[in-house]
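Each remark here refers to the structure printed beneath this line.
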């Protein structure tokens, strides 16, 4: 159930005020979502800023709600185990939820703004009253947001945040209450937003204000409402209902800009993130890295998504990786939908990049972390097509994929689930995908290709257990064929060779090898030599599965 806003006492700044602010901000962004999407022209005219801000705020609100229902010691980022919900606990949970759920450029910046607020409101206030404390929090928020963006541009959400902070500081210096400071910030942001078309050429040509700044005004209006109990007068989003086409320019990111948006959460040290920023800045643009204390949200636009993910692997442990092709997003900005798209669930960063390059929208999974129905529905939304072919990549995900397809169909999207049980079957299906043919014929061809691909996998036994091939001990290498253990060996090489020979015993024309992150290239070279020696008519292709993939996947078509 949504949280019901509670009335606040004058100049009160506590955990309940933060919870009320969150609830009101989510509602305000929900009301403005479509209008903000419609005026989104910078840095990419992809018509999703309102949606990204809403989803970020939704994640923040969810984390805050959970914090109110947990013992304080369990709240994310909070160590003080108090029996009640403190202001510090609330703002840190709020910022944490935004960080882990941040979407797009605007959502990532909003997450850093909330982190800046939490950094101050989570401190001991000392002699500072609520008004002064809030003013300093908004100032810190603007400073941290500017610091998170590799190349800040004026006329954007950052400009609006800075204007709000200056107005808040002025109100705080004159001994204003928290209500006075919130109202000053809101008014300052509104005034700055009105000026953005004159500061950024892309906005001026389109005749719109900055979309991210528009969302920030809604969030600050919710803050003032939470503290004052007064509802801001509804303001229409200023600009055309649909952005006009833009002439290409270096920072506008039109059709000649980077082809992909890459977003992931990263566990890494601050020093490693500093090196990551430099690497990603050389790969693309629109780089925003937010977070701290070992957890970061990374956002960048690049032409080589695999290189962007690999940079994260070098820096630390990336996860929740999302790769989006801007061709789909630009169609959305023009009010168009692709006729057909593919959504693939893949167990490895290298595979995610490979499928993205083939045109698929990907959902990356780590071992033991199956995607939820909502994750697949969100991926279908990102694909932005009238027809979607969903490749679940595992038998255990069939029910989840079916449920996601049903929800997407309720939104008017035609969805078919091709029952792939392995990533190699997904690759086979993608290889025959024909977006120009009829939907039914395409689905039949992809299903046939997947079904004609036998799949094998190597895994290491964690404990003694009974298998279909006998009793295995901890540390044994297990060779699975079509989901069942067929070989138990002592080394990757001998087990892989035995599995491959069994799979080729019933024939085949193409062998696909997907190597895990720790497996040497020499294993692939050995298996390729075995195929060439014993099966002259069979071709072999090798890919790197990347982090989170199994030691070895084998496909035989």
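The values are calculated or read from the model by the stated rules, or taken from the named source; none is laboratory data. Because the structure is predicted, anything quoted here is derived from the model rather than measured. Heads up, the Cβs are rebuilt from the backbone with ideal geometry, glycines too, and the neighbour counts pull from every protein chain shown.
Among 450, 374, which is the only one that is in contact with a helix residue (DSSP H, G or I) (Cβ under 7 Å, 6 or more places away or on another chain) and either over 30 Å from residue 492 (Cα atoms) or crowded, with 17+ Cβ neighbours inside 10 Å (or both)?
Unique residue meeting the criteria: 450.
What is the residue count in segment 388-415 for residues that are in contact (Cβ under 8 Å) with a residue 40 or more places away in the chain and touching a strand residue (DSSP E or B) at 6+ places or on another chain (Cβ under 8 Å)?
Looking only at that region, the number is 9.
Given the criterion closer than 20 Å to residue 420 by Cα and not assigned by TED's automatic domain parsing to the domain that holds residue 347, identify the matching residue among 527, 513, 523.
513
Looking at (1) under 19 Å from residue 428 (Cα atoms); (2) out of contact with any strand residue (DSSP E or B) (no Cβ under 7 Å at 6 or more places or on another chain); (3) modelled with pLDDT of 90 or more, find the lone condition where residue 546 falls short.
Condition (3) is where residue 546 drops out.
What residue, of 426, 437, 508, is in contact (Cβ under 8 Å) with a residue 60 or more places away in the chain and closer than 23 Å to residue 354 by Cβ?
Only one candidate qualifies: 426.
Would you point out which residue out of 493, 542 is assigned to a strand (DSSP E or B), closer than 25 Å to residue 350 by Cβ and touching a helix residue (DSSP H, G or I) at 6+ places or on another chain (Cβ under 8 Å)?
Going through 493, 542 in turn, the sole match is 542.
Does residue 533 satisfy the criteria of being without any contact (Cβ under 8 Å) to a residue 60 or more places away in the chain, on the phi < 0 side of the Ramachandran plot, in contact with a helix residue (DSSP H, G or I) (Cβ under 8 Å, 6 or more places away or on another chain) and not in a strand (DSSP E or B)?
When the stated conditions are applied, residue 533 does not pass them.
Residues that are crowded, with 19+ Cβ neighbours inside 10 Å, under 26 Å from the mean Cα position of the chain (by Cα), modelled with pLDDT under 70 and over 19 Å from residue 161 (Cβ atoms): does segment 228-243 have at least one?
Scanning segment 228-243, I find at least one residue that is crowded, with 19+ Cβ neighbours inside 10 Å, under 26 Å from the mean Cα position of the chain (by Cα), modelled with pLDDT under 70 and over 19 Å from residue 161 (Cβ atoms), so the answer is yes.
Run down 257, 306, 282, 274 and say which single residue is surrounded by fewer than 23 Cβ atoms within 10 Å (Cβ to Cβ), in a helix (DSSP H, G or I) and modelled with pLDDT under 90.
Exactly one of 257, 306, 282, 274 is surrounded by fewer than 23 Cβ atoms within 10 Å (Cβ to Cβ), in a helix (DSSP H, G or I) and modelled with pLDDT under 90, namely 306.
From 498, 550, 486, grab the single residue that is assigned to a loop (DSSP other than H, G, I, E, B) and either surrounded by fewer than 21 Cβ atoms within 10 Å (Cβ to Cβ) or out of contact with any helix residue (DSSP H, G or I) (no Cβ under 7 Å at 6 or more places or on another chain) (or both).
Only one candidate qualifies: 550.
Sort out which residues of segment 418-432 are closer than 10 Å to residue 344 by Cβ and surrounded by fewer than 24 Cβ atoms within 10 Å (Cβ to Cβ), and write them in order of number.
430
Regarding residue 220, is this residue modelled with pLDDT of 90 or more and under 27 Å from residue 516 (Cα atoms)?
It is false that residue 220 is modelled with pLDDT of 90 or more and under 27 Å from residue 516 (Cα atoms).
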